[in-house]
Amino acid sequence: MAHSRRSTPYRLESAYDPERSLITSLFKCRQLIELNACERQSPMMRANEMEVVQMNKNALPHYDDSVNTTGCCPKFNPEGWDGQELHFDNKTFIRATTKSLMHMPLNMGRVFSRVQSHIVDADVYDPDNCIVLSRDLSAWQAEHLFSISKPVPGEDTVTLSGDFITKVFEGPYRKAKVWYEEMKDLAHTREGASGEVYFFYTTCPKCAKAYGKNYIVGVARV
């Protein structure tokens, strides 16, 4: 819809002033340059602006499992998971590995079902201590660390120490490489950071499709 001159917020000048016109043009040009610079800023620059929340030693954000309409994975609630700084001191995990084909998981569902069944059978499932840290060891194998409060029979128990920072992503799994680089940049904003990166895949592909959201939590050592 066309607007009349009366609706414009700008006042029309009665006479042309070359000096004023030049100053105005330069000011507008500077605004455009600054705007473009902000839009092109790197993930590392954006990481410096992320608000970080310090958590207590070995504590994790609460895992909200209150909504489950699939009978499989709960609907992930990302509240409280973004921008958290985790501090692990010999925190206990179950360590499991899965086979991959050029980074594509082959037996992840079977392994996860086994470990999670053992966790439930040992009565150590706790929504305040629930995360699975996953990373590729190679194109053919992946490692998964399931947080627990005590050793679980039939599973390999390990401990993990260090400081980590989290970032929540949402989108298709094919963006994992982009998220990995963003987490590396985020880790490198901290002095002496190793940049070791894990991902917490909060829902399986079938449940992510059912819920309409695919949340993944990046966890980088800092």
| said: Contact list please: Cβ distance under 6 Å, first residue in the range 80-96 and of a type in the set (Gly, Ala, Ser), second residue in a strand (DSSP E or B), pairs at least six apart or on different chains. | reply: 83/53; 96/144
| query | So which residues in the range 123-158 are among the hydroxyl-bearing types (Ser, Thr, Tyr) and touching a Phe, Trp or Tyr at 6+ places or on another chain (Cβ under 6 Å), if there are any at all? | reply | 134, 147
| Residue under evaluation residue 115, criteria (1) in a helix (DSSP H, G or I); (2) within 20 Å of the chain's Cα centre (by Cα), criterion not met | (2)
| query | Are there any pairs, at least 6 apart or on different chains, whose C-beta atoms fall under 7 Å, with the first in the range 53-75 and touching a residue at least 40 places away in the same chain (Cβ under 8 Å) and the second charged (D, E, K, R) and not in a loop (DSSP other than H, G, I, E, B), and if so, which? | reply | 72/206
| Selection count, the range 209-222, where residues are closer than 13 Å to residue 78 by Cβ and assigned to a helix (DSSP H, G or I) | 1
| message | Given (1) modelled with pLDDT under 95; (2) surrounded by fewer than 18 Cβ atoms within 10 Å (Cβ to Cβ); (3) under 24 Å from residue 79 (Cα atoms), identify the lone condition not met by residue 186. | response | (2)
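The values are calculated or read from the model by the stated rules, or taken from the named source; none is laboratory data. Given the structure is predicted, the values throughout are model-derived calculations rather than measurements. Neighbour counts run over all protein chains shown; Cβ positions are idealised from the backbone, glycine included.
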